[in-house]
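What follows is calculated from the coordinates using simple rules that are stated; it is not laboratory data. Just so we're clear, the structure is a prediction, and the values are computed from it rather than from any experiment. Neighbour counts run over all protein chains shown; Cβ positions are idealised from the backbone, glycine included.
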Amino acid sequence: PFQVKIASSGQVIDIAADQSITDALAAAGVDIPVSCEQGVCGTCLTNVLEGVPDHRDLYLTDEEREANDQMLPCCSRAKSSMLVLDL
Ligand code: FES
């Protein structure tokens, strides 16, 4: 489990082990547009301001993954205890 903080509101949302970031955020009233929900389409691409994503998508290039400044929250998770997303 880890937490996601919404940069614009300061809202902190717990992400359970069996829950995607986009599902947890939607349940908390923060909607990120999704389409494939499998990390292939890029629809949910979101900028990361702090924290280290655990990239599990098939969309970003290796260079983009290493930059750690964007992620696909429909399927990716976190290596750090918190991610701050530019939402
Ligand atoms: Fe397709 Fe996230 S919804 S990559």
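When residues in the stretch 41-85 are screened for being over 10 Å from the mean Cα position of the chain (by Cα) and either among the basic types (Lys, Arg) or under 19 Å from Gln11 (Cβ atoms) (or both), 9 of them pass. Considering the conditions (1) in contact (Cβ under 8 Å) with a residue 60 or more places away in the chain; (2) farther than 11 Å from Phe2 by Cα, Gly42 is excluded by exactly one of them, (1). When the stretch 64-79 is filtered for residues that are in contact (Cβ under 8 Å) with a residue 40 or more places away in the chain and either within 11 Å of the ligand (Cβ to nearest atom) or basic (Lys, Arg) (or both), the ones remaining, listed by number, are Pro73, Cys74, Cys75, Ser76, Arg77. Scanning the stretch 28-63 for residues that are among the charged types (D, E, K, R) and within 14 Å of the ligand (Cβ to nearest atom) turns up Asp31, Glu37, Arg56, Asp57. Only one of these is touching a helix residue (DSSP H, G or I) at 6+ places or on another chain (Cβ under 8 Å) and in a loop (DSSP other than H, G, I, E, B): Asp31, Asp14. Name it. None of the others qualify; the one that does is Asp31.
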